[in-house]
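Please treat every number below as a calculation from the coordinates, not as lab data. In this text the structure is predicted, and so the values were computed from the model without any measurement. In this analysis, Cβ positions are derived from the backbone assuming ideal geometry, glycine residues included, and neighbour counts consider all displayed protein chains.
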Amino acid sequence: MPTELSTPREKASYERWERSNRLSMMLIKAHVGKSIRGSIPDCDKVNDYLNAIEQQFETSDKAMTSTLMSKLSSMKFTGTKGVREHIMEMRDIAARLKSLEIEISKSFLVHFILNSLPQDYGPFKISYNTHKEKWSINELLTLCVQEEGRLNQETMESAHTVTAGKQFDKKGKGKGKAPLK
């Protein structure tokens, strides 16, 4: 701040800085969301305001990291969506954790994904464990989609076998075996 002993040049420079600071503060506040704005204390200087915003997000990053790690560690493939979507979601969470400075190795993620698959994928998991080479996440994705197709085909065949059993009349009583075609 200028004092009585300040030169006219120093006073003019301070006035330009003060105007620039005020305009910058208005611009930043206009572009910061209401939910964030309400949690940031009022500041006179743009630098202080930006530091307050940064501190706000620093604590949010910790909470986000915890949430993402919890979600990743509890994910199990249920079959409600495809195996491709399941693996891509796990890969996306790992990428988001990496951006939050939590590094998950590719090899660990492959094993983690395999462990999230249900018992139906048991032979597939054994196949992975017996191969010498490690799979990349993209290879795992491709092979899991193929395995999902095989499992779906197997399920359809067993469903067809069950429906080709006994014939029933309208009252639900068995009338003997259905003729094989």
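Descriptive notes on the structure:
- Taking amide H as placed 1.01 Å from N in the peptide plane, the amide H of residue 82 sits under 5 Å from none that are at least 5 places away or on another chain.
- Exposed GluC sites (Glu not before Pro) absent - longest run of the chain, DSSP non-H/G/I/E/B, at most 15 other C-beta within 10 Å: 5-100
- Matching label, Rg and Dmax of the Cα atoms in Å computed from the structure shown, candidates (i) 31.2, 113; (ii) 23.3, 72; (iii) 29.2, 116: (i)
- Take every pair of alpha-carbon atoms less than 8 Å apart whose residues are at least six positions apart; their mean separation over the length of the chain yields a relative contact order of 13 percent.
- Cα gyration tensor shape for the range 1-60, rounded if a/c is under 1.5, else prolate or oblate: prolate
- Listed values for the range 34-49 are Karplus-derived 3J(HN,Hα) couplings in whole Hz (6.51 cos²θ - 1.76 cosθ + 1.60, θ = phi - 60°), namely 4, 5, 7, 4, x, 9, 9, x, 5, 10, 8, 10, 4, 4, 5, 5, and x replaces Gly and Pro.
- Counting neighbouring Cβ atoms within 10 Å and putting the fewest first, the residues 135, 17 line up as 17, 135.
- Given charges at beta-carbon only (K, R positive; D, E negative), |dipole| of the range 1-60 in Debye: 300 debye
- Springs between Cα atoms under 10 Å define the GNM used for the chain, and in it the highest mean-square fluctuation of 38, 122, 149 occurs at 38.
- Only helices enter the 222 nm calculation for the chain: every DSSP H run of n ≥ 4 contributes -39,500 (n - 2.57), and dividing by all residues gives -22500 deg cm²/dmol, rounded to 500.
- Stokes-Einstein, applied to the Kirkwood radius of the range 75-154 over Cα pairs at a viscosity of 1.002 mPa s and 20 °C, places its translational diffusion at 164 µm² s⁻¹.
- Total formal charge among the other residues, if their Cβ is under 13 angstrom from that of residue 15, Lys/Arg +1 and Asp/Glu -1: +3
- With θ taken as phi - 60° and the Karplus curve 6.51 cos²θ - 1.76 cosθ + 1.60 applied, the whole-hertz 3J(HN,Hα) list for the range 97-110 is 5, 4, 5, 9, 6, 10, 8, 10, 5, 4, 5, 4, 5, 4 Hz, x standing for glycine and proline.
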